[in-house]
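Novice: Dumping the structure here so I can ask a few things about it.
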Amino acid sequence: MAGSGRETRGIVDAPDLFTRVHFRLRDPAPALRPHIEHYWLIDWDLSEPYTSHVVPHPSVHLVFQRTEPGGERERAGSAEVYGIVQGLFSRRLEGRGRVCGVKFRPGAFRPFAPDRPVSEWTGRRVPAGEALAVAGHGPSASATARTVLDPAGEDARVGALDSYLLPLLPPPDPQARLATELAELARTDRSLLRVDALARAGGLSVRSLQRLFSAYVGVGPKWVILRHRIHEALQRAGTDPEPDWAELAADLGYSDQAHLVRDFTATVGVPPTAFAHH
């Protein structure tokens, strides 16, 4: 099934990006959906370089990509696991390129590589074969890159991603399921503004919640809560020409506007008022 809508939350200046690249979301096979939020496909053919910026979600990504910068000979492609990026993620696009990405649900990557905590991948890019080999999955993901990237039709690319991932489906992991549920609760329940409140919602102590998130999500619960606040502020700044920042700060659970401005600026690189008028 096609996911034809565009997910703009977290993408800095999404309208500008979408004029330069062909970006779409697709659903994985039904058996994969408890683990994978969606596939994301990007193609570009640029006459001038362009740098995209994203405020990342608390998700691990599996990324197949191929670029042909400046007319150089096209490479076979690569396959890498991207751990969570805690700051602003910037990517320079040039020439021609194609990416087929897999966005795992927060907490859902660990069963695919159960021997190491997800925090070990945070801030890192590693060959997919290295990360998945931790779980004993023998075939090199790099060998699959051409199969995923070559087809001209996106249905075939989605099918290739399904074919690669379905044999890797792990057995049920109750801790992974709990981590995913609590990370989703942090995203959707705006009343949960503190780590202790999220811990109570999950029937855990704060320390147990922190250990769970380190092992299965890759970042702490406080980071997850704050990141969703920044995503909301970024969304508001991109859609409202004159947002009421004091009111938004209160809505997001900040004690005052200054704390929102500080977190927004540290993450995005400019204060919210400058971003809203850029």
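Novice: Of 20, 110, 227, 92, which has the most accessible area and how do the rest follow, probe 1.4 Å?
Specialist: Putting 20, 110, 227, 92 in descending order of accessible area: 92, 20, 110, 227.
Novice: Compute the accessible area per residue over the chain, keeping the other protein chains in place, probe 1.4 Å, unit Å².
Specialist: 46 Å²
Novice: When the helix-only estimate is applied to the chain (DSSP H runs of n ≥ 4, each -39,500 (n - 2.57), divided by the residue count), what is the mean residue ellipticity at 222 nm, nearest 500 deg cm²/dmol?
Specialist: Helix-only estimate at 222 nm: -11000 deg cm²/dmol.
Novice: Could I ask something else about it? I need the shape label for the stretch 122-278. Rule: rounded when a/c is under 1.5, else prolate if a/b > b/c, else oblate, with a, b, c from the alpha carbon gyration tensor. Can you show the working numbers first?
Specialist: Numbers: a/c = 2.65, a/b = 1.50, b/c = 1.77.
Oblate shape, in that a/c is at least 1.5 and b/c is the bigger or equal ratio.
Novice: Right, here's the next one. Using just the Cα positions, wrap the stretch 10-136 in a convex hull and report its mean projected area in square nanometres, one decimal place.
Specialist: Working: hull surface 32.2 nm².
If I average the Cα hull's projected area over directions, I get 8.0 nm².
Novice: When the solvent-accessible surface of protein heavy atoms is calculated with a 1.4 angstrom probe, in what order do 273, 19, 8, 144 fall, highest first?
Specialist: 19, 273, 8, 144
Novice: Given a 1.4 angstrom probe, I'd like the percentage of the accessible area of the chain that is carbon and sulfur, rounded to a whole number.
Specialist: 51 percent
Novice: Let me ask you something else. Could you report the accessible area of residue 51 in Å², rounded to 10, computed with a 1.4 Å probe on the protein chains as they sit in the structure?
Specialist: Rounded to the nearest 10, the figure is 60 Å².
Novice: Is the stretch 148-195 best put as rounded, prolate or oblate by its Cα gyration tensor, with a ≥ b ≥ c the root eigenvalues, rounded for a/c under 1.5, and otherwise prolate when a/b is larger than b/c, oblate when not?
Specialist: Oblate is the answer for the stretch 148-195, as a/c is 1.5 or above yet b/c matches or exceeds a/b.
Novice: For the stretch 6-52, compute Rh as the Kirkwood radius over C-alpha pairs and then the Stokes-Einstein diffusion coefficient at 4 °C and 1.567 mPa s; write the answer in µm²/s, rounded to an integer.
Specialist: 105 µm²/s
Novice: Tell me, what is the FRET efficiency for residue 48 and residue 185 to the nearest 0.05, using R0 = 45 angstrom and their Cβ-Cβ distance as r?
Specialist: 0.55
The values are calculated or read from the model by the stated rules, or taken from the named source; none is laboratory data. Keep in mind that this is a model prediction, so the values were computed, not measured. Note that we place each Cβ from the backbone using ideal geometry, even for glycine, and neighbour counts take in every protein chain shown. When the accessible area is computed, the model is the full protein with side chains, heavy atoms only, and any ligands, DNA or RNA have been set aside. Shrake-Rupley method; radii C 1.70, N 1.55, O 1.52, S 1.80 Å.
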